[in-house]
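Data block below; observations after.
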Amino acid sequence: MVDRKIDSGLPGALVGRAAELAALTAHAEAAYNGRSGLVVLSGPAGIGKTSLLRAFLDSDVCRKMTVLHGTCGEVVAGAGYSGVRALFGGLGLSAEDAQDSPLLRGSARRALPALSPHPGEEGPPTAASVYPVLHGLYWLAANLMAQGPLVLVLDDVHWCDERSLRWIDFLLRRADELPLLVVLAQRTEEEPVAPATLADILAQPRSSVIRLDPLTDTEVAKWPARSSPPPSRTPSPGAPPPSAAAIR
């Protein structure tokens, strides 16, 4: 089962990101072979994180794995488990008949409060209420991995709520020898909603950070030959190609 909800607007080839794409692919291949990992894509807005993720999700290795992709939204950043719902929303597990899903068998059934589409019904978090949900979400991921290797991709993670980040941390700390790759994309100029929890995730030994730098002038010069620039960057007739600072 592969989530392909992203409509790729990429050109035929990704320009200037071959090394980063190769690094992501290597992490996915390791996860496919049972070595879990965490990759953080870091860079300012517009640098190309989402485009790189799209190319990665279209790679051959991802086609062999279960891929769940979500994007955190600024409007619901503070809502409990909004990041979890962004990831698992496409599985249809929040409906009334979802309890019959094999993915929610056993302890995974405890994940249901996090999958509810009504954040206002969650109530204030307590240790007694949060741990069973984290445990249930862990087993939901484990049930998915029983079907095959799993990739979780969460974009704009700086806007992710604290409880969803706690679950990602909870999952990764129990992920030894699991066929799992977690990929988080973060804007460097944005203050995270839950900085301490995100820092705990980044401090894990299995963490690998890929920092995206601006494209070079040589790389930017390849754009006209491969595709038209984005509409907002379209040069006037006869104008030279945009500079590396103009295309991120």
Estimated Rh, region 26-113: Kirkwood, alpha-carbon pairs, angstrom: 15.5
In nm, spacing of pseudo-spin labels at Tyr131 and Ser107 (7 Å Cα→C-beta vector): 1.2
Sequence of Lys64, Lys49 from largest to smallest accessible area, 1.4 Å probe: Lys64, Lys49
Region 179-221: Cα Rg divided by the 2.2 N^0.38 Å rule of thumb: 1.55
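The values are calculated or read from the model by the stated rules, or taken from the named source; none is laboratory data. In this text, all values refer to a predicted model and were calculated from it rather than measured experimentally. Note that we place each Cβ from the backbone using ideal geometry, even for glycine, and neighbour counts take in every protein chain shown. Surface areas here come from the heavy atoms of the whole protein model, side chains and all, with no ligands, DNA or RNA. Shrake-Rupley method; radii C 1.70, N 1.55, O 1.52, S 1.80 Å.
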